[in-house]
Every structure is written in C-alpha cells, then in structure tokens.
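First up is the structure itself, then whatever we jot down about it.
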Amino acid sequence: MVQKTKQARTGAECSAEAMRQINPDVVAAYPITPQTPIMHAFSQYVADGKVDTEFITVESEHSAMSACVGSSAAGARTMTATSANGLALMWEVVYIAASTRLPIVMNVVNRALSGPINIHCDHSDSMGCRDTGWIQLYSENGEEAYENTLMAVRIAEDPNVLLPVMVCQDGFITSHSVETVELIDDESARGFVGEYHPKDALLDTDKPVTYGPLDLFDYYFEHKMQQIDAMEHAKDAIRKVFDEFGQLTGKKYDFFEGYLLEDAERVIVCANSSAGTTKVVVDELRAKGEKVGLLKPRVFRPFLAEQVVEKLKHAKSVAILDRAASFGGHGGPFFNEFRSAFHEEKEKPAIINYIYGLGGRELDLAQLRAIFEELKAVASGDVGHNVRYSGVRE
Amino acid sequence: MPEKPKGWKEIPIGGKIIEPGNSTKYRTGDWRTFRPIHDKEKCINCMICWMLCPDSAIKAGGPDCPEKGAKGASDKPSTCNFGGFDLEHCKGCGLCAANCPTKAITMKQEKEFD
Ligand code: SF4
Ligand code: SF4
C-alpha cells in the first residue's frame, strides 16, 4: 500500500528526493546556480550511503553530458541536472544523447541564458533545446518536479521510446522555495520505477555493439525518422505512465492540464510556476463571476496538438505566455506551437502572445489581471498586436 | 551494384551497429575516382602494397609470374603473391601506387573505364 507523506521541501530537494528513490547507477554533474542544490542534496545521499550511485564530478557540463552518454551507452541508468549556460555548454552532447537514443533523465532548473549574465528564471535555456530530440516535462511546483522526475525514468526507458527526458522547474521560484509537497514512500516509488533492462549495452561483451559511427546522407535521415517516430510512441508511453502513476498518487496527470477551463471564455496558457500564480487570479476573477481559466502544459515535447485544440477550442480568447523570446520570430516558442495547432480548425479562439518574466522579472497578480482584461477586447474581435510584452519598462 | 539501402523501420535505432565484423559490407569502393592498375611484368611480389592498403583491398594468392621465365616461377597460386584488387573496397587512395618499389601500380581515372 502506498504511503503518502506531506513534507516541507524546496523544488530542488524534491528532485533530489526523487533521485534518491530512483537510485540511479550513475550521476555525472557540474554545479551551476540554481541547479546546484539538487546535486548538493544528492551528493549528500551518496556520501551517506543512501544510494548506490557512482557519482562522477566533472570539469564542465559538456563533460557531464558526455559522461552521461558514455554511462548510458554502457547500460547504466543515468541522471544529471543543469541550468542555463550549463545546458548551453552541454548542447552538442544533449543532441547526441537523443540521437543515440539514450534514456538519460536530466533535471533542468530553468534560468535565463547570458548575456548579460543573469541567474534568475526564464525558459530560454530549455526552449533553446526544444528541438534536440529530448522529451520535455514542465513542473508547476516542487511536487510536480518530484513526480515528473519519477515518471521521466519510466517514459525514457520505455522500449518503444528510448529517448532522454528533461524535467524542468523554475529557477529560484520553485527550486529554492519551500512548499508543502506530498511524496510517496520509497518502496512504492522504487516499485513504480522498476528495474532497468538496457538495450544494446556496451558492457555486454557477449553481444558487441558499436555506438556513434559515421552516418552520412545514406542513413542519417532514416535515423532522424526513427526519432520522429519515437516521439509519436512517447505520446502513448507518457499517457500510460501518467495513468499508472496516478493510481499511486490518486491524482490525474495530462499533457495539458486545465484549471477551471471547462466553461472558460478567456484563458491563459503558461508553464511552470506562473501557472500557480495564474490560478490565484483565476480564482479571484471566478469569484466575481468572470469566466476565466488556465491551461498548463506539462509536456511540451512531444507536443500533443490535438489536445490543445480539444481543450481550447471553446474559448473566445487565449493568451499564450512565453517566458522566452524567439528573436526575430513571430512571438515566442509556445505561441508558435499553440497557434499553429489551430490552423485548420474552423472553430477557434483569438490567440495572442505575451512575452514575460525574462531574466527573472516578476509576473505579479496585477499583470495577470491586466492580461485577462485585455483578453476581453481580443475576444470581441479586436486582436490588435498579437505579440505583446508584459512587465517590461517602456 | 551495392545492395538496396534499407528503410528507417529496418535498421537499428540510434545509429548503432549491433552486428560485429560487418565493415566488409561498407563498400568503400563507391568513393573511388582513381583506379589502381597493376603491371605484372614489373611486380616482384614484395607485398608492400598488401601491407599498406588501408582498406585491405589488395588480395593475396596470385601465381608467380611464369612469363618472366625466372627460376622457380610457377603458375600455382600462393599467398605470398600479389593477387589483384578488391574493387568493392579499394577507395582509390593511391597509397599502393606511391609506395610500390618497382612502380608496378599506376592510378587511372575511373571515367576511363566507363
Ligand atoms: S608493392 Fe608493387 S611490387 Fe610489391 S607486390 Fe605490390 S605491386 Fe607488386
Ligand atoms: S588505391 Fe588505396 S585502397 Fe586501393 S588498393 Fe591501393 S592502397 Fe588500397
């Protein structure tokens, strides 16, 4: 029987707690704010003998991901964590990890990319590698970071998937803030995660394999096609893992989670901690009888476009909030994806974009109230600028 | 003709090669723009080319050169003798030609053989 306990934990501790329960074979990491507390907590577990993990301290994130690639190819269950410029430095190998089909799980504590140098939250880091072939899960709070990390292992290792998974949470806002979180007992968590049976392990000397050979115009495209196909399979695998984990926690998980969405006419779409802030404003406006709601992406890669349409098509106006800019693009990365999901639809809401919160700029309740207010005009057909900015000084 | 390339559903994922010892299936001969031509009159069967060829595309097992009329020459195949090129794997690098002590190998453009 699963035992649930409520504890006061930071988001970073939640990720470390999930890692302790997973007890991965290998962790290779390099410290970077605001990811550091995850590895700080986890290395303590290693030192105290609470996990059997081989903990590899490396000289950079490029080396961290390289060590993860090597260890995962060897057949070890492998994890790491990073943020911002650490992720940027890893990038080359991040792409290789997915292309080599290695089920590595990485916590990404979202932080703005330099420059100018900044240590606070935005999503430029994980959005920058949305096309690397990694599955991306987003977490509203520490509890979701914990759940997503446990589920990520199962999703990554599904034999029909075999792709690495990134579990994102907001730097400082989530990673360093203590909240009440509900965790499950070790036995249930370990039972859920299960044993890892690697495919084509390099250390299996009875069955020698080659990893990373040259792959030119004759086969590279076919290998990319397999990755595209694996992302399709990931949709089923994620659904299955969500349902199975939901039976343990008694919660319902989905690719896109609605909050008072059913009859909502004006909707805000945003990921991670901003979703929590938006819920406060939704409650406040609902109390005044306004039909507003929230849609929170929990899974951004793979992108389940049909569910976006399903969940948003009855709304009159929708604001997609992007905590990352796509310089020179038409709006942010979320906006592009959500808006194009509706292209063929006859019945669709008016959709606008807000870029917000760059470099940790706060998203406060007044801003969200203003966005819901602006959505009134948008709903009545006056779309105006469809790419807007919230929280920047003129 | 090389075998028909496989589709994405037929190959191992991740670019992995899961079957050891299959490099002979990789036809490096497809790369060739110069083809080595052997002159058996000049060849002294020193096998330097055989040792140097990076693609093991020099075969052993040819006969001694009976036409030369040298003593002991025979037309029986011997692994000590130059035995021709494996053109499926010869990539045309020209190392054999450059290093043959008697200049018994010359490189000719592939288009001459079309
Ligand atoms: S290197 Fe020249 S002489 Fe020696 S075996 Fe080869 S072709 Fe003959
Ligand atoms: S040209 Fe190069 S590959 Fe071809 S037989 Fe000579 S050494 Fe070998």
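Under the definition of Cα pairs under 8 Å and six or more residues apart, what whole-number percent is the relative contact order of chain A? Walk me through the intermediate numbers first.
Details: 831 pairs, mean separation 63.6, N = 394.
It rounds to 16 percent for chain A.
Could you check the simple spin-label distance between A:Glu195 and B:Lys42, using points 7 Å along Cα→Cβ, in nm with one decimal?
Going from the A:Glu195 label point to the B:Lys42 one covers 6.6 nm.
To make sure I understand the rule: partners must be lysines, Cα under 18 Å from the Cα of A:Lys4, and not fewer than 8 residues away in the same chain. Which ones qualify?
A:Lys251, A:Lys252
What percent do you get for the relative contact order of the range A:237-394 when only Cα pairs under 8 Å and 6+ apart count? All intermediate terms of the calculation are to be shown ahead of the outcome.
Values: 264 pairs, mean separation 35.5, N = 158.
Value for the range A:237-394: 22 percent.
Between A:Gly384, A:Gly357, A:Gly133, where does the largest GNM mean-square fluctuation fall for chain A, given springs only between Cα atoms within less than 10 Å?
So, out of A:Gly384, A:Gly357, A:Gly133, the one fluctuating most is A:Gly384.
State to the nearest 20 debye the size of the charge dipole of the range A:91-189 about its Cα centre, where the only charges are +1 on K and R beta carbons and -1 on D and E beta carbons.
Numbers: 4 positive and 16 negative charges, 116 e Å.
My answer is approximately 560 debye.
Beta carbons within 10 angstrom, averaged per residue: use that to sort the peptides A:238-245, A:116-123, A:41-48, A:134-141, highest first.
A:134-141, A:116-123, A:238-245, A:41-48
Determine the alpha carbon to alpha carbon distance for each of A:Lys6/A:Lys313; A:Lys207/B:Lys108; B:Lys9/B:Lys91; A:Lys6/A:Lys50 and list only those over 32 Å.
Values: A:Lys6/A:Lys313 37 Å; A:Lys207/B:Lys108 42 Å; B:Lys9/B:Lys91 30 Å; A:Lys6/A:Lys50 21 Å.
Distance filter (> 32 Å) returns A:Lys6/A:Lys313; A:Lys207/B:Lys108.
Restricting the count to DSSP beta bridges whose residues both fall in chain A, what percent are antiparallel, rounded to a multiple of 5?
Values: 13 of 51 bridges.
If I count the DSSP bridges inside chain A, around 25 percent turn out antiparallel.
Could you tell me the relative contact order of the range A:166-294? Use alpha-carbon pairs under 8 Å, at least six residues apart, and round to a whole percent. Each step should come with its number before you reach the end.
Working: 67 pairs, mean separation 29.7, N = 129.
In percent, rounded to a whole number, it is 23.
Just want the ordering: A:His385, B:His38, from fewest to most Cβ atoms lying within 10 Å of their own Cβ. Before the final figure, lay out each step's value.
Values: A:His385 8, B:His38 20.
In order of increasing Cβ crowding within 10 Å: A:His385, B:His38.
Give the lysines whose C-alpha is closer than 16 Å to that of A:Lys279, dropping any in the same chain fewer than 8 places away, or say none.
A:Lys288, A:Lys291, A:Lys296
Please compute, for peptide A:219-228, the average count of beta-carbon atoms on other protein chains lying within 10 Å of each residue's beta-carbon. Don't skip to the answer; put the middle values down first.
Working: counts 5, 1, 1, 8, 7, 1, 4, 7, 3, 1.
Counting other chains' Cβ atoms within 10 Å and averaging over A:219-228 gives 4.
For A:Val58 and B:Ser74, what is the calculated FRET efficiency with R₀ set at 60 Å and r taken between the beta-carbons, to the nearest 0.05?
0.40
Modelled label-to-label distance, A:Ala74 and A:Glu232, 7 Å Cα→beta-carbon offset: nm?
So the label points at A:Ala74 and A:Glu232 sit 3.6 nm apart.
So which aspartates and glutamates pass the test for B:Lys42, namely a Cα distance under 15 Å, with those fewer than 8 places away in the same chain ruled out?
B:Asp64, B:Glu67
Using a Gaussian network model on chain A with a 10 Å cutoff between Cα atoms, which of A:Gln247, A:Gln367, A:Gln227 fluctuates the most?
Answer for the Gaussian network model of chain A: A:Gln247.
None of the figures in this text is laboratory data; all of them are computed from the coordinates on show. Remember, it's a predicted structure, so these values are computed and weren't measured experimentally. Ideal geometry is used to build each Cβ from the backbone, glycine not excepted, and the neighbour counts take in all protein chains shown.
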